[in-house]
């Protein structure tokens, strides 16, 4: 059940992130104009820009509250194995391993051990259910 809640939280955050990408893309597209369609350098710059937006979105929530909006909705929390908020370095490690291991990192979520993705194992983090308050 926890793995299903984690997937739903992921998709919820992905929907919100799409909205953030849309708004964040407007100044870049206006700035680049037609060059964005014809220049591979501009396209690469745009992709790096959206990756940076994603990094800011995720790591901010991970380090401030341990909950992205998706995790909060599904009453889940991201923390270290000793149950504290992630530091900036731990958030960086989790983000980078998540990028480099996508999509194979999610396979561990369905193994009955402790429902950790591969990036969680490498970053020594966990997503767990929280109690209603």
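The values are calculated or read from the model by the stated rules, or taken from the named source; none is laboratory data. Treat the numbers as computed from the prediction; the structure is a model and nothing was measured. Every residue, glycine among them, receives a Cβ derived from its backbone with ideal geometry; neighbour counts consider all protein chains shown.
Brief remarks on what is shown
- Filtered residue count, region 84-123, keeping only those that are surrounded by fewer than 16 Cβ atoms within 10 Å (Cβ to Cβ), part of a loop (DSSP other than H, G, I, E, B) and touching a residue at least 24 places away in the same chain (Cβ under 8 Å): 1
- Complete set of residues in region 27-40 that are loosely packed, with under 10 Cβ neighbours inside 10 Å and at pLDDT 85 or above: 30
- Region 1-14 residues that are touching a residue at least 12 places away in the same chain (Cβ under 8 Å), paired with ones that are loosely packed, with under 14 Cβ neighbours inside 10 Å and not in a loop (DSSP other than H, G, I, E, B) (beta carbon under 9 Å, 6 or more apart): 2/129; 3/110; 5/129
- Residue 79 satisfies every condition listed in (1) within 23 Å of residue 107 (Cα to Cα); (2) at pLDDT 90 or above; (3) in a helix (DSSP H, G or I) except (3).
- Residue in region 30-51 that is assigned to a helix (DSSP H, G or I), within 18 Å of residue 105 (Cβ to Cβ) and out of contact with any strand residue (DSSP E or B) (no Cβ under 6 Å at 6 or more places or on another chain) present: yes
- Any hit, region 45-53, residues being closer than 13 Å to residue 10 by Cβ and touching a helix residue (DSSP H, G or I) at 6+ places or on another chain (Cβ under 9 Å): no
- Between 131, 126, 67, the distinction of being assigned to a loop (DSSP other than H, G, I, E, B), in contact with a strand residue (DSSP E or B) (Cβ under 9 Å, 6 or more places away or on another chain) and either at pLDDT below 95 or farther than 18 Å from residue 13 by Cα (or both) belongs to 67 only.
- Failed condition for residue 63, given (1) under 16 Å from residue 20 (Cβ atoms); (2) in contact with a helix residue (DSSP H, G or I) (Cβ under 8 Å, 6 or more places away or on another chain): (1)
- Filtered residues of region 70-82 (kept if free of Cβ contacts under 8 Å to residues at least 24 places away in the same chain and more than 23 Å from residue 8 (Cβ to Cβ)): 82
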